Every structure is written in C-alpha cells, then in structure tokens.
Amino acid sequence: CMSHGKHVLCEKPMALTVAECEEMMRIEKATGGKLMIGQVCRFTANFILAKQMIDEGKIGDIYFIESEYAHDYMKILANEKAWRADPARHGMIGGGCHAIDLLRWIAGDPEKVMALANRKVLTDWPVDDCTIAIMQFPNNVVGKIFCGIGVKRDYTMRTCLYGTKGTIICDNKSPTIKLYQHCTTDNGEHKYPAEEIPVDINNHNVTA
C-alpha cells in the first residue's frame, strides 16, 4: 500500500518476525509514507493522564511499574479460535504487546528482559496461557508484565505506577484514575490520601 502512495495503519502485532518489521520500516522510509501500528494504549485517556502526571512529577521518580493484559479467550467465538490459537500468535504477541508498549512509552526501552510461562487453563491450545515478564528499564526502573489469556475475570489492563512520592493505579476500562501522594502531618505522621480523578474513557480526541 505504501508503495502505491497510501498511508498504513497496521494492527498489532506489527509482524511475526523482526525481519518483516524491518522491511516495513524500510519501505516506509523509501516511499515517504506513514506507517502506524495500532498500539491503542498511547491514545487511551486513562494512560495519557497517568503519563502526564508522571511527567509533571506528581509521584516523584518512578522505580517500579507494572501492567497486565488479562483476558479470557474461552469467551471468544469458536470461529475465531483458529486464528487466535495460531502457534505464531502467542498471547504476548497478540495482547501482551499492549502492556509492553505502555511501559515502554512510560519508562523507555527495556535493557534487560526475562520471562516465565505456563499453560494450566487453555490446555488444548498450542501456546502458553500465562506469561510473566520482568524488565529493567533505563534509570534503574524495574517493571513487570502479566499476560493471561485464560483469566477468570473481566478483561482488564490494570496498571500500577510506583514513584518515590506517590502511586498511580489506572485501567483502560475505569472512569477514574487513583492517585496516592505522600504527605506528612504536623505531628510527623505519614499519610497517602487517595484522589479519584475522573477520566472520560469515551474521549478518543486525545493525542499522545
């Protein structure tokens, strides 16, 4: 499409191999077209506000961040199972990539990564249904990704962001963000009052 003068919005995953991703980037540069990958977390009101608060220093320096992609693929219609259960489409590639991209957007590209996985729910699928990834980001920030595709709860991308002066808890499905900020009373008592900040989750007129 780019070779024919069209801009491209590509669903995630961008591709299934690094070589294919590099080829897409090469064609974008060669044609002058625009290639965008559908990483929607960067355009989700809750996460935009959370990142803005971090950039403004409301919770101090971040030191630990975590996000999750929790979904139950058993609820998916049978005619969709064929492509969702494709061995090439691991849960981390198909859904966990959102949580990964969100943390990369907040903390930068990870410098170290390790992961563990198992399969105890979707036992007839050819891919693991639970994956935990631990990452080390620049500035000695550590992070965790949970990707579960057989989770027995409603879909969520609950995200917790821990800083030296406070904590942010947010979710792409919640109408509020919870902000905790450390303060000290006159008698020296440490408190962490929680503030529920409303977010218009239906507002798609936001930019990253």
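The values are calculated or read from the model by the stated rules, or taken from the named source; none is laboratory data. Values in this document were obtained by computation on a predicted structure and should not be read as measured data. Positions of Cβ are backbone-derived with ideal geometry, glycine not excepted, and every protein chain shown enters the neighbour counts. Quick note on the areas: whole protein, heavy atoms, side chains included, nothing else; ligands and nucleic acids left out. Shrake-Rupley method; radii C 1.70, N 1.55, O 1.52, S 1.80 Å.
In table form, for the structure just shown:
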{"quantity": "Which listed residue, of Asn139, Asn118, is at pLDDT 95 or above, of a type outside the set (Phe, Trp, Tyr), farther than 21 Å from Asp101 by Cβ and open to solvent by 50 Å² or more (accessible area, probe 1.4 Å)", "calculated": "Asn118"}
{"quantity": "Some residue of segment 91-114 being hydrophobic (A, V, I, L, M, F, W, C) and free of Cβ contacts under 8 Å to residues at least 24 places away in the same chain", "calculated": "yes"}
{"quantity": "Candidates Thr164, Thr156 - the one that is open to solvent by 30 Å² or more (accessible area, probe 1.4 Å) and on the phi < 0 side of the Ramachandran plot", "calculated": "Thr164"}
{"quantity": "Candidate set: segment 167-197, residues that are touching a Pro at 6+ places or on another chain (Cβ under 8 Å) and surrounded by fewer than 15 Cβ atoms within 10 Å (Cβ to Cβ); chosen: the one nearest to Met74 (Cα to Cα)", "calculated": "Pro175"}
{"quantity": "Inter-residue pairs, beta-carbon under 6 Å, first part of a strand (DSSP E or B) and in segment 185-199, second among the aromatic types (Phe, Trp, Tyr), 6+ apart", "calculated": "Ala194/Tyr180"}
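Okay, residues lined up against (1) out of contact with any Asp or Glu (no Cβ under 7 Å at 6 or more places or on another chain); (2) among the aliphatic types (A, V, I, L, M):
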site	(1), (2)
Arg84	yes, no
Trp105	yes, no
Gly108	yes, no
Arg119	no, no
Ile134	yes, yes
Lys144	no, no
Met157	no, yes
Lys173	yes, no
Thr176	no, no
